[in-house]
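To start, the structure itself, in structure tokens.
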Amino acid sequence: VVIIFMTYDSKQPINSDIGIQSRSAPTIRKPMAVPQNKVANGKPSFVRVPSVVTYNYIDNHASELKGITTRIFENEKDTVGLDQLLDPTEDPPDKSTCQPMHEWQTQNFPQCIRMHEVDMMPRPGSLVFINCGGDRCAWLLLDQDGTKVTLKTRKYRKDFTTHFYEASAKDGLVMERLTKSHYVSGTYGYCGLSQLVEYSEGGNLHDLIKTSRMQEKDPQTPIDRLKVGIQVASAVADLHSFEDDGIASITHNDLCCHQFILVDGVYKLNDFHLGQFLTKNNDTNQVCKSRTGYNRRYTLLRAPEEQSGERVVMDKADVYMMGNVMYYVLAKKWLFEITGYSAERAVRHIHRGERSPFPDHILHSKDPADIAFRKGIEMSWTHNAEERPSAKYISNYLKKELEKIEGKEYSGSAIQASIAPLPEGYRYSDSDYESNFDRE
């Protein structure tokens, strides 16, 4: 049996669990250039991957194999990855005047020893492939005590550069900071580009929406839809206000239905690779605005002020995107799908202050849960960023409305929703969602 490991440059120190690590990632070998054997009609082609180490656990012998290639099918359509989501024109705040708000923003706490303790040998029920996203693949593992966990690894065909090590360190650090939140995914450890996180039995919010659309009816009750909306808003609120001063120091910057995974009736926020650590002005002590690049294909998802190209308050932009996710949950429609507008035309309407319309059965619903949920979305979509409420304000509003409806108080634990299991034989796919950006 052979296990594949990634290797660092031998001239660079390997991260350990001793002390606090800088967020500067170690230099690694760049993927080796391998001749592209492009063959049509579904034949495999060779792609570049990093050097790897093989370990034969029977002989207890490790050896480095250089120039290893992996094969993918030429007609495979890759999903959008981190390198495609970010625009090269990303413009962070000026470091001469803006500094980190907290010391922890400059640190990270890798747990490589914890990662190496996990049994990654293939066996019944463990090391089972789940799905791949844009950059990473997910595997089901059984920990020593039988607990199901998810191992996330980077796709071999992707580049392994310092930028992605920085993003992975940021992702791990944010989850470490947010361990007290009921609405943010828990982490068991991370090292390099791999992570151990909570296992989801029920997929993500996209799967909930997709199955409803496939059934051509919404199986959720209004009260359960509202509870899911509260989970979304509460996750973002916790992300923005977990510090004692309540001032946002982290933003997600990529809020979408794929980023919320179902764990015990709660959709938890994860995947903070595109997040930002906010900074403050040395002279005024105010949070610095920033301009974040993003793939122009996804302009439809961004806040109006982001689309202008000006520096913005990123937590308010998060709130706007949060409204998009809640709209999907309530309407079970994609943005402007009802109108049939192309993404480009929809963006023009957004700049005029218009928003994606609600289906008639939601717009005219007399159910107090639907009314409250719709109002929460409309607050999130406030056009003027300065007037847009915080995620915490919207979360508190939705919770109070739920308590009025049910006649009881929620405090301490997470608000759980009743979610039907995924259909037998369900296939994970984003094609339905991606088509939203291809309308002409």
Counted residues, the stretch 277-288 - those being touching a residue at least 40 places away in the same chain (Cβ under 8 Å) and either in a loop (DSSP other than H, G, I, E, B) or within 30 Å of residue 190 (Cα to Cα) (or both)
8
Residue 392, sole failed condition from (1) within 17 Å of residue 225 (Cα to Cα); (2) in a helix (DSSP H, G or I); (3) of a type in the set (D, E, K, R)
(1)
Filter pass, residue 316 being open to solvent by 30 Å² or more (accessible area, probe 1.4 Å) and either closer than 25 Å to residue 360 by Cα or assigned to a helix (DSSP H, G or I) (or both):
yes
Quick check: is even one residue across the stretch 404-417 of a type outside the set (Ser, Thr, Tyr), open to solvent by less than 60 Å² (accessible area, probe 1.4 Å), modelled with pLDDT of 95 or more and under 29 Å from residue 130 (Cβ atoms)?
yes
Reported set for the stretch 148-185 where residues are open to solvent by 20 Å² or more (accessible area, probe 1.4 Å), in contact with a strand residue (DSSP E or B) (Cβ under 9 Å, 6 or more places away or on another chain) and within 28 Å of residue 416 (Cβ to Cβ) is 148, 152, 176, 177, 179, 182
Determine whether residue 356 is crowded, with 18+ Cβ neighbours inside 10 Å, modelled with pLDDT of 95 or more and assigned to a loop (DSSP other than H, G, I, E, B).
yes
Is the stretch 258-273 home to any residue that is buried (at least 21 other Cβ atoms within 10 Å of the Cβ), in contact with a Pro (Cβ under 7 Å, 6 or more places away or on another chain), over 24 Å from residue 336 (Cα atoms) and hydrophobic (A, V, I, L, M, F, W, C)?
no
Test residue 294 against the stated conditions and say whether it is within 23 Å of residue 208 (Cβ to Cβ) and modelled with pLDDT under 90.
no
Within the stretch 334-376, of all residues that are of a type in the set (A, V, I, L, M, F, W, C) and touching a residue at least 60 places away in the same chain (Cβ under 8 Å), the one nearest to residue 221 (Cα to Cα) is 369
Subset of the stretch 78-117 that is open to solvent by less than 60 Å² (accessible area, probe 1.4 Å) and farther than 24 Å from residue 192 by Cβ - its residue that is modelled with the lowest pLDDT:
87
Residue by residue through the stretch 190-237, note down the ones that are at pLDDT 95 or above, surrounded by fewer than 21 Cβ atoms within 10 Å (Cβ to Cβ) and touching a Phe, Trp or Tyr at 6+ places or on another chain (Cβ under 8 Å).
222
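The values are calculated or read from the model by the stated rules, or taken from the named source; none is laboratory data. Predicted, not measured: the structure shown is a model, and the values here were computed from it. Because the Cβ atoms are built from the backbone with ideal geometry, glycine has one as well, and the counts that use them run over all protein chains shown. To get the accessible areas, we keep the full protein, side chains included, count just its heavy atoms, and leave off ligands, DNA and RNA. Shrake-Rupley method; radii C 1.70, N 1.55, O 1.52, S 1.80 Å.
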